[in-house]
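Reviewing the structure listed below.
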Amino acid sequence: FQLLFIIIVCSSSFSQNFTADSLKIESLFSQLTSGKNNADSSFIALQDIQQRNKNYDSVLEIFDYYFSKYLMLTGKMDSSILVSQNALEKFTDDKNRAPQIKFLKIIASCYAYSQNYQKGIEYFKQALAICETTNHEKEASYINNNIANLFFSLMDYESAYKYSVASFNYLKNYPNDPYYGSILAILSMAEI
(Lines give C-alpha, C1' and ligand atoms only; values in the text may rest on other atoms or scores of the structure.)
Protein backbone atom coordinates (compact mmCIF):
# COMPACT_ATOMS: atom_id res chain seq x y z
CA PHE A 1 0.00 0.00 0.00
CA GLN A 2 2.80 2.41 0.90
CA LEU A 3 4.54 1.79 -2.46
CA LEU A 4 1.28 2.49 -4.32
CA PHE A 5 0.89 5.75 -2.38
CA ILE A 6 4.46 6.80 -3.27
CA ILE A 7 3.87 6.03 -6.95
CA ILE A 8 0.61 8.00 -6.94
CA VAL A 9 2.23 10.96 -5.19
CA CYS A 10 5.24 10.91 -7.56
CA SER A 11 3.14 10.71 -10.70
CA SER A 12 0.81 13.40 -9.38
CA SER A 13 3.79 15.63 -8.66
CA PHE A 14 5.24 15.02 -12.14
CA SER A 15 1.87 15.81 -13.70
CA GLN A 16 1.72 19.15 -11.88
CA ASN A 17 5.34 19.97 -12.76
CA PHE A 18 4.76 18.91 -16.37
CA THR A 19 1.83 21.31 -16.75
CA ALA A 20 3.55 24.17 -14.93
CA ASP A 21 6.86 23.68 -16.74
CA SER A 22 5.18 23.30 -20.13
CA LEU A 23 3.27 26.53 -19.68
CA LYS A 24 6.40 28.30 -18.40
CA ILE A 25 8.42 27.11 -21.43
CA GLU A 26 5.79 28.45 -23.81
CA SER A 27 5.52 31.72 -21.92
CA LEU A 28 9.26 32.35 -21.71
CA PHE A 29 9.88 31.66 -25.40
CA SER A 30 6.89 33.82 -26.33
CA GLN A 31 8.25 36.69 -24.24
CA LEU A 32 11.70 36.24 -25.79
CA THR A 33 10.24 36.37 -29.29
CA SER A 34 8.30 39.54 -28.54
CA GLY A 35 11.25 41.14 -26.71
CA LYS A 36 9.18 41.60 -23.53
CA ASN A 37 11.67 39.86 -21.28
CA ASN A 38 15.33 40.09 -20.41
CA ALA A 39 16.95 37.45 -22.61
CA ASP A 40 19.59 36.44 -20.05
CA SER A 41 17.11 35.80 -17.24
CA SER A 42 14.72 33.99 -19.58
CA PHE A 43 17.44 31.66 -20.86
CA ILE A 44 18.59 30.96 -17.30
CA ALA A 45 15.01 30.05 -16.33
CA LEU A 46 14.66 27.89 -19.45
CA GLN A 47 17.93 26.07 -18.73
CA ASP A 48 16.70 25.43 -15.18
CA ILE A 49 13.46 23.91 -16.49
CA GLN A 50 15.38 21.84 -19.03
CA GLN A 51 17.79 20.54 -16.38
CA ARG A 52 15.01 19.79 -13.90
CA ASN A 53 13.20 17.72 -16.54
CA LYS A 54 16.20 16.00 -18.15
CA ASN A 55 14.57 12.59 -17.59
CA TYR A 56 11.15 13.58 -18.92
CA ASP A 57 10.99 13.36 -22.70
CA SER A 58 7.52 14.91 -22.83
CA VAL A 59 8.81 18.16 -21.30
CA LEU A 60 12.01 18.09 -23.36
CA GLU A 61 9.95 17.65 -26.52
CA ILE A 62 7.94 20.77 -25.64
CA PHE A 63 11.16 22.63 -24.90
CA ASP A 64 12.67 21.68 -28.27
CA TYR A 65 9.47 22.63 -30.09
CA TYR A 66 9.30 26.14 -28.63
CA PHE A 67 13.06 26.62 -28.93
CA SER A 68 12.97 25.67 -32.61
CA LYS A 69 9.96 27.91 -33.17
CA TYR A 70 11.74 30.78 -31.38
CA LEU A 71 14.80 30.33 -33.59
CA MET A 72 12.62 30.34 -36.71
CA LEU A 73 10.72 33.46 -35.65
CA THR A 74 13.97 35.29 -34.92
CA GLY A 75 15.38 34.46 -38.36
CA LYS A 76 17.79 31.70 -37.37
CA MET A 77 16.48 29.21 -39.91
CA ASP A 78 19.49 26.87 -40.03
CA SER A 79 19.56 26.58 -36.24
CA SER A 80 15.82 26.02 -36.11
CA ILE A 81 16.07 23.23 -38.69
CA LEU A 82 18.90 21.63 -36.74
CA VAL A 83 16.95 21.66 -33.45
CA SER A 84 13.87 20.21 -35.16
CA GLN A 85 15.84 17.52 -36.95
CA ASN A 86 17.49 16.49 -33.67
CA ALA A 87 14.08 16.44 -32.00
CA LEU A 88 12.73 14.19 -34.76
CA GLU A 89 15.50 11.72 -34.00
CA LYS A 90 15.07 11.94 -30.22
CA PHE A 91 11.29 11.79 -30.08
CA THR A 92 10.47 9.42 -32.92
CA ASP A 93 8.09 6.77 -31.73
CA ASP A 94 6.37 4.28 -34.01
CA LYS A 95 3.38 4.14 -31.66
CA ASN A 96 2.83 7.90 -31.49
CA ARG A 97 3.96 9.72 -34.63
CA ALA A 98 1.88 12.84 -34.02
CA PRO A 99 4.69 14.79 -32.31
CA GLN A 100 6.72 14.49 -35.52
CA ILE A 101 4.16 16.63 -37.34
CA LYS A 102 5.04 19.82 -35.48
CA PHE A 103 8.80 19.45 -36.05
CA LEU A 104 8.33 18.66 -39.73
CA LYS A 105 6.12 21.75 -40.05
CA ILE A 106 8.80 23.96 -38.50
CA ILE A 107 11.44 22.56 -40.88
CA ALA A 108 9.09 23.09 -43.83
CA SER A 109 8.33 26.65 -42.71
CA CYS A 110 12.03 27.46 -42.36
CA TYR A 111 12.66 26.34 -45.91
CA ALA A 112 9.61 28.27 -47.13
CA TYR A 113 10.76 31.47 -45.37
CA SER A 114 14.18 30.96 -46.96
CA GLN A 115 12.39 30.70 -50.33
CA ASN A 116 13.45 27.10 -50.83
CA TYR A 117 9.88 26.20 -51.74
CA GLN A 118 10.61 22.71 -53.05
CA LYS A 119 12.22 21.66 -49.75
CA GLY A 120 9.34 23.29 -47.87
CA ILE A 121 6.84 21.29 -49.90
CA GLU A 122 8.84 18.10 -49.33
CA TYR A 123 8.72 18.49 -45.54
CA PHE A 124 5.08 19.60 -45.49
CA LYS A 125 4.24 16.46 -47.50
CA GLN A 126 6.03 14.31 -44.90
CA ALA A 127 3.93 15.94 -42.17
CA LEU A 128 0.80 15.50 -44.30
CA ALA A 129 1.49 11.78 -44.71
CA ILE A 130 1.68 11.37 -40.93
CA CYS A 131 -1.54 13.36 -40.51
CA GLU A 132 -3.31 11.10 -42.94
CA THR A 133 -2.15 7.92 -41.21
CA THR A 134 -2.95 9.23 -37.72
CA ASN A 135 -6.34 10.79 -38.54
CA HIS A 136 -5.30 14.38 -37.82
CA GLU A 137 -7.72 15.71 -40.43
CA LYS A 138 -7.83 19.34 -39.32
CA GLU A 139 -4.03 19.53 -39.22
CA ALA A 140 -3.92 17.89 -42.67
CA SER A 141 -6.25 20.62 -43.92
CA TYR A 142 -3.92 23.34 -42.67
CA ILE A 143 -0.87 21.62 -44.15
CA ASN A 144 -2.63 21.20 -47.51
CA ASN A 145 -3.23 24.96 -47.46
CA ASN A 146 0.45 25.64 -46.72
CA ILE A 147 1.45 23.42 -49.62
CA ALA A 148 -1.02 25.24 -51.89
CA ASN A 149 0.55 28.57 -50.90
CA LEU A 150 4.03 27.28 -51.76
CA PHE A 151 2.83 26.07 -55.15
CA PHE A 152 1.42 29.55 -55.74
CA SER A 153 4.91 30.92 -55.06
CA LEU A 154 6.23 28.53 -57.71
CA MET A 155 3.41 29.62 -60.08
CA ASP A 156 2.25 26.00 -60.30
CA TYR A 157 -1.44 26.81 -60.18
CA GLU A 158 -2.72 23.31 -60.93
CA SER A 159 -0.91 21.90 -57.92
CA ALA A 160 -1.99 24.88 -55.82
CA TYR A 161 -5.59 24.12 -56.79
CA LYS A 162 -5.24 20.42 -55.96
CA TYR A 163 -3.99 21.14 -52.42
CA SER A 164 -6.35 24.02 -51.78
CA VAL A 165 -9.34 21.82 -52.71
CA ALA A 166 -8.08 19.13 -50.34
CA SER A 167 -7.76 21.74 -47.61
CA PHE A 168 -11.21 23.19 -48.17
CA ASN A 169 -12.97 19.81 -48.50
CA TYR A 170 -12.36 19.17 -44.82
CA LEU A 171 -12.71 22.71 -43.50
CA LYS A 172 -15.96 23.49 -45.33
CA ASN A 173 -17.73 21.67 -42.51
CA TYR A 174 -16.19 24.09 -39.98
CA PRO A 175 -17.00 27.63 -41.15
CA ASN A 176 -16.17 29.04 -37.70
CA ASP A 177 -12.57 27.84 -37.89
CA PRO A 178 -10.20 30.82 -37.63
CA TYR A 179 -8.46 29.83 -40.89
CA TYR A 180 -11.65 29.19 -42.86
CA GLY A 181 -11.62 32.58 -44.61
CA SER A 182 -8.00 32.41 -45.71
CA ILE A 183 -8.37 28.84 -46.92
CA LEU A 184 -11.46 29.82 -48.90
CA ALA A 185 -9.54 32.77 -50.37
CA ILE A 186 -6.67 30.53 -51.47
CA LEU A 187 -9.14 28.13 -53.09
CA SER A 188 -10.86 31.03 -54.87
CA MET A 189 -7.56 32.30 -56.24
CA ALA A 190 -6.61 28.79 -57.34
CA GLU A 191 -9.92 28.38 -59.17
CA ILE A 192 -9.36 31.65 -61.03
The chain: Lys pairs at Cα distance under 12 angstrom, eight or more positions apart or on different chains: 5
For helix 39-52, report the angle its Cα long axis makes with the longest principal axis of the Cα atoms of the chain; keep it between 0 and 90° and round to the nearest 10°. 70 degrees
Distance from the Cα centre of the stretch 126-143 to that of the stretch 68-85, in angstrom? 22 Å
For the chain, what does the helix formula give at 222 nm: sum of -39500 (n - 2.57) over DSSP H segments with n ≥ 4, over the residue count, nearest 500 deg cm²/dmol? -27500 deg cm²/dmol
Between the Cα axis of helix 137-153 and the main Cα principal axis of the chain, the angle (0 to 90°, nearest 10) is 50 degrees
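Quick one: what do you get for the stretch 40-192 if you divide its Cα Rg by 2.2 N^0.38 Å?
Dividing the Cα radius of gyration by 2.2 N^0.38 Å gives 1.13.
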Whole-percent carbon and sulfur contribution to the accessible surface of the chain (1.4 Å, no ligands, DNA or RNA) stands at 52 percent
For labels at Thr133 and Ser153 in the simple 7 Å Cα→Cβ model, what's the distance in nm? 2.6 nm
Could you compute the net charge surrounding Tyr113? Neighbours are other residues with a C-beta less than 14 Å from the C-beta of Tyr113; K and R count +1, D and E count -1. +3
What accessible area per residue, rounded to a whole number of Å², is obtained for the chain using a probe radius of 1.4 Å? 59 Å²
Enter the angle in degrees (range 0 to 90, nearest 10) between the Cα long axis of helix 117-134 and the first principal axis of the Cα atoms of the chain, meaning the one along which they spread out most. 70 degrees
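The values are calculated or read from the model by the stated rules, or taken from the named source; none is laboratory data. These numbers come from a predicted model, not from an experiment. Because the Cβ atoms are built from the backbone with ideal geometry, glycine has one as well, and the counts that use them run over all protein chains shown. What goes into the accessible areas is simple: the full protein's heavy atoms, side chains included, and nothing from ligands, DNA or RNA. Shrake-Rupley method; radii C 1.70, N 1.55, O 1.52, S 1.80 Å.
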